[in-house]
Amino acid sequence: MPVLTESEIERLLAPYTNQNATLAAKMVEYLDLLVRWNARTNLTAIRTPEEMVRRHFGESLFAAAHLGDPLPDTLLDLGSGAGFPGLPIALARPEIAVTLAESQNKKSTFLREAVRTLGVKNVEVWAGRAENLPEGRQFHTVTLRAVDDMAAALAIAEPLVRSQMLLLTTATPGLPAGFSVIERLPLPESESGVLLRATRD
């Protein structure tokens, strides 16, 4: 039995995005894997499946719905953790080549297992620090969510960004020179969370 059914997940995700049955089915698999792994290795401090769906899947899919037009061709999720927001974005937007950068071994191992289990073809897991990516490599969009030190993460992100940054945060951070916030959206079901889309000037 799944932790939550497709219909339960669809109901929880309704405030965040319009999803199809295929996406909901993938979220069932992803949630089952996350709950199972989280019981033995601390991937997320959120423990209840319903909150995982709202906070992790919902907010990630909200970001997927606000990537701008035209859609990015490449996306780097910096400090991906258990895959948020990068992996749900990859599932919702299979036309985007997504790189999940995660330096903690237990989390990058989980990400590889999640990509394999979910059969995602448009995802690369970079099991290392983002600043050690091949020199000169850039991505149309870089996402940041729940990073410990936003200022340090933004400094790492800046040379990797070709066009825009997408930040899921509770405050407006000091952006690197040459970036401006062009969209600021409150996160559904959140008292203080916002989605910031910042582009190069």
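Rule-based calculations on the coordinates, nothing more; no lab input. Nothing here was measured: the structure is a model prediction, and the numbers come from that model. Cβ coordinates were reconstructed from backbone atoms using ideal geometry, including for glycine residues, and neighbour counts include every protein chain displayed.
Report, in degrees rounded to the nearest 10, the 0 to 90 angle that the Cα long axis of helix 21-38 makes with the longest principal axis of the chain.
Once rounded, one gets 90 degrees.
Amide H to amide H under 5 Å from Glu183: which residues, 5+ apart in sequence or cross-chain, H placed 1.01 Å off N in plane?
Arg197
Order by neighbour count: Ser190, Ser80, fewest other Cβ atoms within 10 Å first, most last.
Ser190, Ser80
Please compute, over every Cα-Cα pair in the chain, the percentage with a separation greater than 21 angstrom.
Numbers: 9591 of 20100 pairs.
Here the long-distance tail beyond 21 Å is 48 percent of all Cα pairs in the chain.
Which order do peptides 57-64, 104-111 fall in by mean Cβ count within 10 Å, highest first?
57-64, 104-111
Would you please give the residues with an amide H less than 5 Å from that of Val147, counting only those at least 5 places away or on a separate chain, with H modeled from the backbone geometry?
none
For the Cα atoms of the chain, what angle does the longest principal axis make with the long axis of helix 105-118, in degrees from 0 to 90, nearest 10?
Approximately 60 degrees, to the nearest ten.
Identify which of Leu76, Leu144, Leu118 has the largest mean-square fluctuation in a Gaussian network model of the chain, with springs joining Cα atoms closer than 10 Å.
The residue with the greatest mean-square fluctuation here is Leu118.
Quote the relative contact order of the chain in percent (integer), defining contacts as alpha-carbon pairs under 8 Å separated by 6+ residues.
16
Compute a Gaussian network model of the chain, connecting alpha carbons closer than 10 Å, and tell me which residue from Asp32, Asp73, Asp148 fluctuates the most.
Asp148
Skipping prolines and chain starts, which residues have an amide H placed within reach, meaning under 5 Å, of the one on Glu124, given they are 5 or more residues away or on another chain?
Val98, Thr99, Leu100
Determine ³J(HN,Hα), in whole Hz, for all residues of segment 153-161 in sequence, where each value follows from phi through the Karplus function 6.51 cos²θ - 1.76 cosθ + 1.60 and θ = phi - 60°; x replaces Gly and Pro.
5, 5, 5, 5, 5, 3, x, 8, 8
Note down the net charge around Ile96, summing +1 for each Lys or Arg and -1 for each Asp or Glu among other residues with Cβ under 14 Å from its Cβ.
-2
If you take the beta carbon distance between Leu175 and Glu131 as r and set R0 to 25 Å, what does 1/(1 + (r/R0)^6) give as a FRET efficiency, to the nearest 0.05? Please report the intermediate quantities before stating the final value.
Details: r = 18 Å, r/R0 = 0.73.
The formula returns an efficiency of 0.85 here.
Using a Gaussian network model of the chain with C-alpha springs under 10 Å, which one of Glu189, Glu102, Glu29 is most mobile by mean-square fluctuation?
For the chain, modelled as a Gaussian network with Cα springs under 10 Å, the answer is Glu189.
How many angstrom lie between the Cα centre of segment 71-104 and the Cα centre of segment 8-45?
Cα centroid to Cα centroid, the span is 16 Å.
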